[in-house]
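Here's the structure we're looking at; comments come further down.
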Amino acid sequence: MKTYSAKPNNVNRSWHVLDASKAPLGRLSTVAARLLIGKDKPSFTRHIDVGDYVIVINASSLITTGNKVAKKIYYRHSGFPGGLYKRTLGEMNMVSVIEHAIRGMLPDNKLRQGRLARLKIYSGAQHSHTAQNPVDFTISRKGSK
C-alpha cells in the first residue's frame, strides 16, 4: 500500500463562513487557521497547500474575554531609535486584529502568503462571495464543527 500525496492540480477547495460575534478571538483564529491549512482534510499534505477559503463576518463585533480591550497592547517599531508604537486592542481596527491573530497561527513558510490570500474578513454581516456557496461553520466550545 502506497502513501497518498496530494498534487497541486487535484486540490478541491470549499468556502466556509465564520462569525466573529459568536466565538472569542483565539478560538476563531485557531479554527480559521486549521481551515486555511487544510489539516482536517484526509488529503492533507504538508508541502502542498490543500486548505479552504475562509470568510470571517461581523469583525466589528469581535468577542474578547477578560479585560483585553483595555490591557492587550500591540507593538510595532519603525526601526529608528525611540520608534516604538503601542496601541491597545480597543484602538485597533478589528479586521487587522483578526488578520494578525490568524497570521500568527499559520506556519512561517512559503505557503503562508497563499493561505492568507484565501482569508476574507468583513466588518459587517454582508459579504460578496454568495456565488461560491459558502457553508456556515459553527464554532463549538472545543473548536470543532
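The values are calculated or read from the model by the stated rules, or taken from the named source; none is laboratory data. No experiment lies behind these values; they were computed from the predicted model shown. Methodologically, a virtual Cβ is constructed for each residue, glycine included, from the backbone with ideal geometry; neighbour enumeration extends over all protein chains shown.
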Condition first: charged (D, E, K, R), assigned to a loop (DSSP other than H, G, I, E, B) and at pLDDT 95 or above. Can you find one or more residues in the stretch 25-34 that meet it? no
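Of all residues in the stretch 85-106, which are more than 12 Å from the chain's Cα centre (by Cα), in contact (Cβ under 8 Å) with a residue 12 or more places away in the chain and in a loop (DSSP other than H, G, I, E, B)? Please lay out each step first, then the result.
Applying the first criterion (more than 12 Å from the chain's Cα centre (by Cα)) to the stretch 85-106 yields 85-94.
Narrowing the set further to residues that are in contact (Cβ under 8 Å) with a residue 12 or more places away in the chain leaves 86-90, 92, 94.
Selection gives 92 alone.
Residues are listed down the side, and each one gets a yes or a no for (1) of a type in the set (Val, Ile, Thr); (2) exposed (fewer than 13 other Cβ atoms within 10 Å of the Cβ); (3) not in a loop (DSSP other than H, G, I, E, B):
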position: 9; (1), (2), (3): no, yes, yes
position: 16; (1), (2), (3): no, no, yes
position: 22; (1), (2), (3): no, no, no
position: 48; (1), (2), (3): yes, no, no
position: 51; (1), (2), (3): no, no, no
Quick one: count up the residues across the stretch 110-126 that are free of Cβ contacts under 8 Å to residues at least 60 places away in the same chain and among the charged types (D, E, K, R). 2
State yes or no: is residue 82 out of contact with any Ser or Thr (no Cβ under 8 Å at 6 or more places or on another chain), at positive phi and not in a helix (DSSP H, G or I)? yes
When residues of the stretch 116-138 are limited to those that are of a type in the set (D, E, K, R) and not in a loop (DSSP other than H, G, I, E, B), the one surrounded by the fewest Cβ atoms within 10 Å (Cβ to Cβ): 136
